[in-house]
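Notes to accompany the following structure.
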Ligand SMILES: O=C(CO)COP(=O)(O)O
């Protein structure tokens, strides 16, 4: 069975929440290929020992790199704890990444509560479940 590829991304004020969430669900996450934006990925790798493929930092193009994975059908889910209370210089990239999840029907969780529900779904690790991809 091929492993799921998951992206982990958080804005600075949300990194503690994502790290706590990752620790809570580490038994599932260690069965997956993990990728992340630069700072988030580095933090998770150093704090948990999980292997995380790191792209560039978000403001330097990391969100767009993860968007490219989605466009190439190489990402199974995005966990993106973005910050609704602080403006990001790369807000267009943030919006573009979230938009591509909708374009390509990729599950995306932006809060710990949603992330809990997604990752504990019986469908999450089921080899029989594949989200329907649009036929453009
Ligand atoms: O800015 C980000 C997502 O938009 C995250 O980037 P970092 O993980 O490098 O902080």
Note to self: Take the residues in the range 74-97 that are over 14 Å from the mean Cα position of the chain (by Cα) and not in a helix (DSSP H, G or I); name whichever of them is nearest to residue 21 (Cα to Cα).
What the structure shows: 83
Note to self: Given the options 85, 6, 69, name the one that is in contact (Cβ under 8 Å) with a residue 40 or more places away in the chain, more than 13 Å from the ligand (Cβ to nearest atom) and out of contact with any strand residue (DSSP E or B) (no Cβ under 8 Å at 6 or more places or on another chain).
What the structure shows: 85
Item checked: Number of positions in the range 103-135 that are without any contact (Cβ under 8 Å) to a residue 40 or more places away in the chain, under 14 Å from the mean Cα position of the chain (by Cα) and in a helix (DSSP H, G or I) -> 1
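Select from the range 23-50 the residues that are in a loop (DSSP other than H, G, I, E, B) and within 16 Å of the ligand (Cβ to nearest atom) and write down the one among them that is surrounded by the most Cβ atoms within 10 Å (Cβ to Cβ).
37
Laboratory data are not the source of any read-out in this text; all were calculated from the coordinates shown. Source: prediction; values computed, not measured. Every residue, glycine among them, receives a Cβ derived from its backbone with ideal geometry; neighbour counts consider all protein chains shown.
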